[in-house]
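Have a look at the structure below before the remarks.
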Amino acid sequence: MRVVVIGATGNIGTSTVRALAADPGVTRITALARRPPGAGSGAGAGDTGKTEWVEADVTDSDLVAPMRGADAVVHLAWLFQPTHRPAVTWDANAVGSARVFDAAAEAGVPALVYSSSVGAYSPGPKDRAVEESWPTHGWPGAAYSREKAYVERLLDAFEARHPGVRVVRIRPGFVFERQTASQQRRLFAGPLLPGRLARADRIPVVPDMPGLRLQVLHSADAGEAFRLAVLGDVRGPFNIAADPVIDAAELADLLGARTVRVPQRGVRAALAAAWGMHLVPAAPGLFDLAMELPVMDTARARTELGWTPRHSSREALLEFLEGLRTGAGRDTPPLAPGTGGPARVREFATGIGRRP
């Protein structure tokens with residue numbers, strides 16, 4: 001079986017490639033990336049020799065040729081930055097996804113697996129879990145959510161035009177592991193966050209806000225879900241997340257801290273000011289989105305996909321915090337710990353939240 005993985009060098013991409021490479025049913029992996037790893041790095045290949053790296057950009061590269069003869073395509077590519085230039089992310093994420101789906105149809109690929117997100121869902125309840133039938137209209141104030149919701153509509157149209165293609169949509173919660181910490185700090189917190197502060201004994205308080213209830217999973221468990229979707233015979237959407245749901249009390253217990261009630265509007269205003277001054281890369285709309293996200297029911301993934309997370313959400317978060325302290329990463333361009341340069345000078349020089 002040959003599988004094409006698009007966006008193979010990122011957080012979920014490296015874990016998906018490793019999971020596929022370890023499966024004897026997969027004989028070859030064609031891994032596409034805008035910035036593939038250097039020769040001999042072995043990034044994500046699991047040292048099995050199954051992975052062939054191809055440089056490709058979903059916005060303008062030929063995507064049909066590498067897909068021809070493939071048994072499945074896994075689409076993971078996603079651009080989070082620049083948040084100050086939303087037309088750039090729209091071109092990569094919305095238009096780029098349309099190009100991926102059209103190429104898969106032209107190449108005659110029989111199975112398409114797409115990485116959607118909890119961020120595609122419309123605002124929902126925090127006190128009960130919603131199934132995959134919950135509306136996926138997103139949160140209009142966040143570019144990430146708008147784009148994820150739009151791609152869901154693209155897939156609706158794709159399935160109507162190509163009923164013979166098996167389409168799977170994986171909707172993960174927040175995905176963490178130790179080796180992705182450097183990238184996620186660059187993407188969301190920026191160069192001003194000192195990694196050494198990510199220690200339980202240095203975080204005395206946790207902000208308590210009513211909407212702070214998030215679902216988390218380990219990157220390796222996300223990769224396993226994509227492997228199961230590729231090799232199985234399932235269709236449709238699947239929510240994936242680990243237990244427990246992370247709220248202020250859970251986070252405080254994890255860190256040995258105490259909770260302090262803070263006004264949501266005040267936190268939002270501070271983030272908006274920092275983003276406006278280019279001090280943090282994450283737009284305030286992401287904070288709004290996090291406060292509005294529903295809690296997902298993962299029963300379908302466990303019963304129909306056969307997916308069971310090996311790591312709890314607490315374990316994933318503890319790994320991530322350790323990665324922040326140690327500056328952990330992987331040998332791919334997006335995950336490389338040295339991408340920001342000495343003292344993170346390159347992050348400042350290229351403009352926080354201004355460039356991909």
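The values are calculated or read from the model by the stated rules, or taken from the named source; none is laboratory data. This one's a predicted model, so the numbers in the text were calculated from it and none came from an experiment. Glycine gets a Cβ as well: all are built from the backbone with ideal geometry, and neighbour counts include every protein chain shown. In case anyone asks, the SASA skips ligands and DNA or RNA and just uses the protein heavy atoms, side chains included. Shrake-Rupley method; radii C 1.70, N 1.55, O 1.52, S 1.80 Å.
Pull up the stretch 115-140, narrow it to residues that are over 24 Å from Glu304 (Cα atoms) and out of contact with any Pro (no Cβ under 8 Å at 6 or more places or on another chain), then point me to the one that is surrounded by the fewest Cβ atoms within 10 Å (Cβ to Cβ).
Only one residue tops the list, namely Asp127.
Could you check how many residues of the stretch 267-316 are small (Gly, Ala, Ser) and open to solvent by less than 40 Å² (accessible area, probe 1.4 Å)?
Of the residues in that region, 10 qualify.
For the stretch 97-119, how many residues are under 22 Å from Ser15 (Cα atoms) and either under 17 Å from the mean Cα position of the chain (by Cα) or among the charged types (D, E, K, R) (or both)?
Of the residues in that region, 8 qualify.
Cβ-Cβ distance below 6 Å, separation of 6 or more or different chains: which pairs start in the stretch 142-158 with a residue that is more than 17 Å from Phe174 (Cα to Cα) and end on one that is open to solvent by 10 Å² or more (accessible area, probe 1.4 Å) and in a helix (DSSP H, G or I)?
Note: pairs meeting the criteria are Leu154/Ala98.
Determine which member of the set Ala242, Ala282, Ala225 is outside any loop (DSSP other than H, G, I, E, B) and either at pLDDT 95 or above or in contact with a Leu (Cβ under 9 Å, 6 or more places away or on another chain) (or both). Lay out the reasoning, then the answer.
Working: Ala242 fails: outside any loop (DSSP other than H, G, I, E, B); Ala282 fails: outside any loop (DSSP other than H, G, I, E, B).
On inspection, the qualifying residue turns out to be Ala225.
Can we say Gly124 is touching a residue at least 40 places away in the same chain (Cβ under 8 Å) and in contact with a Leu (Cβ under 8 Å, 6 or more places away or on another chain)?
Yes.
Give the residue, chosen from Asp57, Asp62, that is open to solvent by 60 Å² or more (accessible area, probe 1.4 Å) and not in a helix (DSSP H, G or I).
Checking each option against the conditions leaves just Asp62.
Go over the candidates Val262, Val345 one by one and state the one that is loosely packed, with under 14 Cβ neighbours inside 10 Å and over 21 Å from Phe176 (Cβ atoms). Can you show your working first?
Values: Val262 fails: loosely packed, with under 14 Cβ neighbours inside 10 Å.
The match here is Val345.
So His84 fits all but one of (1) open to solvent by less than 40 Å² (accessible area, probe 1.4 Å); (2) part of a loop (DSSP other than H, G, I, E, B); what number is the exception?
With (1) open to solvent by less than 40 Å² (accessible area, probe 1.4 Å); (2) part of a loop (DSSP other than H, G, I, E, B) applied to His84, the lone miss is (1).
Restricted to the stretch 89-102, and to residues that are hydrophobic (A, V, I, L, M, F, W, C) and in contact with a strand residue (DSSP E or B) (Cβ under 8 Å, 6 or more places away or on another chain), which residue is nearest to Thr30 (Cα to Cα)? I'd like the intermediate steps shown before the answer.
At the first step, the residues of the stretch 89-102 found to be hydrophobic (A, V, I, L, M, F, W, C) are 90, 92, 94-95, 98, 100-101.
With the extra rule that they be in contact with a strand residue (DSSP E or B) (Cβ under 8 Å, 6 or more places away or on another chain), the set shrinks to 100-101.
Details: Val100: 14, Phe101: 16 Å.
Residue satisfying both the conditions and the ranking: Val100.
Restricting to the stretch 182-219, count the residues that are part of a helix (DSSP H, G or I), open to solvent by 40 Å² or more (accessible area, probe 1.4 Å) and over 12 Å from Pro281 (Cα atoms).
Qualifying residue count for the region: 5.
Between residues in the stretch 15-26 that are under 11 Å from Leu228 (Cα atoms) and in contact (Cβ under 8 Å) with a residue 60 or more places away in the chain and residues that are among the small types (Gly, Ala, Ser) and part of a helix (DSSP H, G or I), which pairs lie under 7 Å by C-beta distance while being six or more apart or on different chains?
Thr16/Gly223; Ala19/Gly223
Among Glu319, Glu304, which is assigned to a helix (DSSP H, G or I), over 30 Å from Ser122 (Cβ atoms) and touching a strand residue (DSSP E or B) at 6+ places or on another chain (Cβ under 9 Å)?
Working: Glu304 fails: over 30 Å from Ser122 (Cβ atoms).
Result of the check over Glu319, Glu304: Glu319.
Can you tell which of Leu154, Leu112 is open to solvent by less than 60 Å² (accessible area, probe 1.4 Å), closer than 18 Å to Asp91 by Cα and not aromatic (Phe, Trp, Tyr)?
On inspection, the qualifying residue turns out to be Leu154.
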